[in-house]
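Here is the structure we will look at.
The values are calculated or read from the model by the stated rules, or taken from the named source; none is laboratory data. A quick note: this is a predicted structure, and the numbers were derived from the prediction, not measured. Ideal geometry is used to build each Cβ from the backbone, glycine not excepted, and the neighbour counts take in all protein chains shown. With ligands, DNA and RNA removed, areas are computed over all heavy atoms of the protein, side chains included. Shrake-Rupley method; radii C 1.70, N 1.55, O 1.52, S 1.80 Å.
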Amino acid sequence: MLDKESYSIQLDEVDWNDTSCLITYGPLPDKLILSIQTVGLIHKPLLQRKSDGLFRIICGSRRLAVCRQLGLSPLSCEVLSISTSPVTSLRTAIYDNIAQRVLNPVEKSLVLTKMAKHLNQPQLVQEFMPLLDLEPSDTLCSRYVQLLPLEAPILDAIAEGTLHERIGFVLSPLERGDRLAFFNFFQELPFSVSVQEELVETVVEIGQRDNFTPRQILDSAEVNDLRRAHKRPARQRAQQIRKQLQARRTPRLTARQERFARETKDLGLPPGVRLIPPPYFEGPKWSLEFTFAGAEELAIRLRSVARLAEQAKFQRIMERE
Amino acid sequence: MMYFPQRLVIEKEVGDSPLVKRILATSPGLPVDWVDRVPENADGENGSFLEIVKFRGRFIKPCPGTRFYNCCGYQILNLGIQCSLGCTYCILQAYFTSPNVRLFANLDDAIQQLTEHLNDSPDHIHRIGTGEFTDSLLLDPLIHLSEHLVPFFAAQPRAILELKTKTAQVDLLEKMDHRGQTIVAWSLNPSEVIAREEAGAATLEERLGAAKRCQGWGYRVAFHFDPLLAYPGWRKGYQEVVERLFSAVDPGGIVWISLGTLRFMPTLKTVIQQRYPNTSILDEEFVPGLDGKLRYFRDLRVEMYAYLNELLLGIHKDLCIYLCMESDDVWREAFGYTPVERGGLSAMLDRRALSSFVPASI
Ligand code: SF4
């Protein structure tokens, strides 16, 4: 059990710069402000006495911040002795928080980053990742740890849930300017998380190949023209930009797809029939897709496709693909 | 660059093996840790430890081909894992977490398994290689493995040993009575690719020089343009390699040449990006193949194969050129025929292996 006592503390005795046990991230919840405004502080914050006479916040940082905002001082707080070890104080802060709520990804990153100073990797992964509802894995742990150095707007968005932490993971190895360029791009256009991941990979690879920074690519005239075509719906612009970037990354595949599209158009397949090449035009699995209203319509389409299949241009597509 | 470990970690159980005795004799003064068992992921800064262990599994296995592509029916004799040559594209980076080279020193067990394997199917032609999970000649100056393998294969009428390497460490092969049953093979790439992507391996000149020496000692040689890499100027680069190849070796003594463009499991991509952030081997576009590996888009593969095939056959029309892990479609488009039209890839290579046996008197 922790050795603690109750004290009345003036808020200017709190060391607001000591964030060693701070694992909360994000704006103060309106309801907390309302609650303290209405009924005062219900649960006492937990502090730790420091050798310089100030107090370190262990639990209740947001309550204290609200009190500070509202000018409520002095406050009745629980106080741990100086002798409590840093790891015990931090552990107390973490367990107190996870008992009350689900931590956001930035807070998870704070927990793992701060605890990493006190524990070895296996201990950290085995004890704290399950506690944070994360799969215990070294790789995932280091990804979370790499979130913290990201820029404030990116962290805010991750904490709020408007940017997925997976995107934070893929942005973390990039330069600051590139990260912010991606961030603004993703704030502007509606892409799913997996498409965002794909776009980061695509743009970074184009940049490596063609000697551009990702930022230069995202700010290029071709991309910007589409980004700024505000008359078109955002979803349509997003799709067009994705297609354009994919074509730039995979020019051979794109050229082949375009040629295939032209050739199948020339073929004059009956309506409701689609010829589907094997994935990446590789292997023997060609498919035909039929849409039909009844047996008679199907029979007509089958006959017409059978006739087409005998034509040289149909065979040429099959042979050349 | 010759491999020289900074420390040996040896399992006591293989302390008496000839390979251990040899390395202790060739490298006096090298620190040695004698251990009961080397753990799976032993320490060793930058792979500087050589682990010498007892292998407890099957030494001989079929090459892990897939049903989607034409497999050549090769068999792997696994006598060690990992490599220190540090090719940027090396698949072993994804296979093994420890960077240390590991040698399986219970050679007697390997030879016994191999003998049983050959006796089990005496009518088969066995093409067997040691260069799948390491470079075949990487450790040869230290452990003289070839002194055991080459004579063993010399006594096998229907088995061929292929030593695949990117080194020029062939000195020991000179005096051996190989009876044409050992093929020495080099993987080739243009000099600029070697400098960039195979920086720890021998230069093109050294490899071709070694091949020439081996031919002079009566060995048949083979070459693997694998991985073929697409980069700006690849045509000219490979043309130069082919010209230098044929100015160094007698094409009549080349048993086979394989072509295979760069391919890898997706997990390797991240490893390459992290280890070699400046490499350009990932610049080309890759698509998942039928076996899940990432490969160049098929049109580029066909283009590269057709180009190399024409180049090689233009110089010597009797070469046996084959594609490593490619589909019939790609064979047909690049070469104008499929393996099945010539009896299957395995049979094509078996015929080649048999047809050019060098008489025992060499
Ligand atoms: S020589 Fe072969 S085994 Fe060695 S690093 Fe290069 S690719 Fe890997």
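Among the lysines, select those whose C-alpha is under 16 Å from the C-alpha of A:Lys108, and discard any that sit fewer than 8 residues away in the same chain.
Cross-link targets: A:Lys117.
Tell me, what is the FRET efficiency for A:Ser83 and B:Trp217 to the nearest 0.05, using R0 = 51 angstrom and their Cβ-Cβ distance as r? Don't jump to the answer; show the numbers that get you there.
Working: r = 77 Å, r/R0 = 1.52.
Given R0 = 51 Å and the Cβ-Cβ separation, E is 0.10.
What figure, in Å² to the nearest 10, do you get for the accessible area of A:Arg256 with a 1.4 Å probe and non-protein molecules left out?
Accessible area of A:Arg256: about 10 Å².
In terms of modelled amide H atoms, which long-range or inter-chain residues lie less than 5 Å from the amide H of B:Gly80?
B:Phe104
Taking H placed 1.01 Å from N in the peptide plane, check which residues at least 5 places from A:Val14 or on another chain put their amide H under 5 Å from its amide H.
When sequence neighbours closer than 5 places are left aside, the close amide H contacts are A:Phe55.
Once every DSSP H run of n ≥ 4 in chain B is given -39500 (n - 2.57) and the sum is divided by its residues, what mean residue ellipticity at 222 nm do you get, rounded to the nearest 500 deg cm²/dmol?
The per-residue figure over chain B is -10000 deg cm²/dmol.
What is the percent carbon and sulfur in the accessible area of chain B, measuring with a 1.4 Å probe over the protein chains and ignoring ligands?
On the way: 7690 of 14850 Å².
The nonpolar share, carbon plus sulfur, comes to 52 percent.
Out of all DSSP beta bridges in the protein assembly as shown, what portion is antiparallel? Express it as a percent rounded to 5.
Working: 25 of 66 bridges.
So the antiparallel bridges amount to about 40 percent of the total.
With solvent modelled as a 1.4 Å probe, how much accessible area in total do chains B and A shield from it at their shared surface, in Å² to the nearest 100? Display every interim value, and only then the final one.
Numbers: alone 15660 and 18170 Å², together 32240 Å².
Accessible area lost upon association: around 1600 Å².
Hey, any idea what Rg/Rh is for chain B, computing Rh the Kirkwood way over Cα pairs?
Working: Rg = 19.9 Å, Rh = 21.1 Å.
Reported Rg/Rh (Cα atoms, Kirkwood Rh): 0.94.
By how many degrees, between 0 and 90 and to the nearest 10, does the Cα long axis of helix A:176-188 differ from the longest principal axis of chain A?
70 degrees
If the chain between A:Ala221 and A:Tyr7 were fully stretched, how many nm would it gain, using 0.36 nm times the residue separation less the Cα-Cα distance?
Details: separation 214, 0.36 × 214 = 77.04 nm, distance 6.29 nm.
Difference between extended and current length: 70.7 nm.
Once phi is turned into θ = phi - 60°, what whole-Hz ³J(HN,Hα) does the Karplus curve with 6.51, -1.76 and 1.60 give for every residue of region B:183-193, x standing for Gly and Pro?
Going residue by residue, I get 10, 9, 10, 10, 8, 10, 8, x, 3, 5, 6 Hz, with x marking Gly and Pro.
Would you mind giving the average projected area, over all directions, of the Cα convex hull of region A:152-249 in nm² with one decimal?
Details: hull surface 23.1 nm².
Result: a mean projected hull area of 5.8 nm².
Short version: ³J(HN,Hα) in whole Hz for each residue of region B:298-313, in order, from phi by Karplus 6.51 cos²θ - 1.76 cosθ + 1.60 (θ = phi - 60°), x for Gly and Pro, what are they?
3, 4, 5, 4, 4, 4, 5, 5, 5, 4, 5, 4, 5, 4, 5, 5
Extent of chain A along each principal axis, from alpha carbon coordinates, in Å, largest to smallest?
92, 44, 43
Working out 0.36 nm times the residue gap between A:Asn211 and A:Thr19, then minus their Cα-Cα distance, what length gain in nm do you get to one decimal? Each step should come with its number before you reach the end.
Values: separation 192, 0.36 × 192 = 69.12 nm, distance 4.10 nm.
Extra length from A:Asn211 to A:Thr19 when fully extended: 65.0 nm.
Do any residues of region A:225-261 show a loss of at least 40 square angstrom of accessible area between the isolated chain and the full protein assembly, using a 1.4 Å probe, and if so which?
With the partner chains in place, region A:225-261 has these residues losing at least 40 Å²: A:Arg249, A:Arg252, A:Arg256.
How would B:Cys83, A:Cys59 line up by accessible area, probe 1.4 Å, largest first? The partial results should precede the final answer.
Details: B:Cys83 35, A:Cys59 10 Å².
So, going from the largest accessible area down, we get B:Cys83, A:Cys59.
For A:Lys114, which lysines qualify as cross-link partners when the Cα separation must be under 30 Å and same-chain residues fewer than eight apart are set aside?
Correct list for A:Lys114: A:Lys4, A:Lys31, A:Lys44, A:Lys50.
Mind checking region A:1-91 for GluC sites (Glu not before Pro) that DSSP puts in a loop (not H, G, I, E or B) and that have at most 16 other Cβ atoms within 10 Å?
Working: sites: A:Glu5, A:Glu13, A:Glu78; in loops: none.
Listed in order of number, the matching sites amount to none.
Can you work out the accessible area per residue across region B:67-200, with the rest of the protein chains kept in place, probe 1.4 Å, in square angstrom? Display every interim value, and only then the final one.
Details: 4600 Å² over 134 residues.
Value for region B:67-200: 34 Å² per residue.
Using only Cα atoms, find the angle between the long axis of helix A:61-70 and the longest principal axis of chain A, and express it within 0 to 90 degrees, rounded to the nearest 10.
The angle comes out near 70 degrees.
Counting helices only, and only those DSSP H runs with n ≥ 4, report the 222 nm mean residue ellipticity of chain A as the sum of -39,500 (n - 2.57) divided by its residues, in deg cm²/dmol to the nearest 500.
Values: 15 runs with 170 residues, N = 321.
Taken over chain A, the calculation gives -16000 deg cm²/dmol.
What's the extension gain from A:Ile42 to A:Ala229 if we count 0.36 nm per residue and subtract their Cα-Cα distance? Before the final figure, lay out each step's value.
On the way: separation 187, 0.36 × 187 = 67.32 nm, distance 5.30 nm.
Contour length minus Cα-Cα distance gives 62.0 nm.
To the nearest µm²/s, what D does Stokes-Einstein give for region A:1-108 at 25 °C and 0.890 mPa s, using the Kirkwood radius over alpha carbon pairs as Rh? Spell out each step's value before the answer.
On the way: Rh = 14.2 Å.
Answer from the Stokes-Einstein relation: 173 µm²/s.
³J(HN,Hα) across region B:259-271 via Karplus (A = 6.51, B = -1.76, C = 1.60, θ = phi - 60°), whole Hz, x for Gly/Pro?
Computed from phi, the couplings for region B:259-271 are 10, x, 6, 3, 8, 6, 5, x, 4, 5, 4, 4, 4 Hz.
When ligands, DNA and RNA are left out and all protein chains stay put, how many square angstrom of accessible area per residue does region A:257-317 have with a 1.4 Å probe?
65 Å²
What are the residues whose amide H is under 5 Å from the amide H of B:Gly129, where those residues sit 5 or more places off or on another chain and H is modelled from the backbone?
B:Gln75, B:Ile76, B:Leu77, B:Glu162
Please calculate how many Å² of accessible area region A:152-249 carries per residue, with a 1.4 Å probe and no DNA, RNA or ligand atoms counted. Can you show the working numbers first?
Working: 4980 Å² over 98 residues.
For region A:152-249, the solvent-accessible area averages 51 Å² per residue.
Which lysines, on any chain, are close to B:Lys236 with Cα under 22 Å apart, when same-chain ones fewer than 8 places away are left out?
Counting by Cα, and skipping residues close in sequence, B:Lys236 has these lysines nearby: B:Lys166, B:Lys317.
Hey, with R₀ at 60 Å, roughly what FRET efficiency would A:Gln126 and B:His124 work out to, going by the Cβ-Cβ distance, to 0.05?
Details: r = 51 Å, r/R0 = 0.84.
Computed FRET efficiency for A:Gln126 and B:His124: 0.75.
Just to be sure I understand: with springs between alpha-carbon atoms less than 10 Å apart, which residue in A:Ile300, A:Ile94, A:Ile158 has the highest mean-square fluctuation in the Gaussian network model of chain A?
Evaluated over chain A, the most mobile residue of the options is A:Ile300.
Taking the dipole about the Cα centre of chain B, with the C-beta of Lys and Arg at +1 and of Asp and Glu at -1, give me whichever of B:Leu161, B:Asn46, B:Pro339 is farthest to the positive side.
My answer, from the dipole projection, is B:Pro339.
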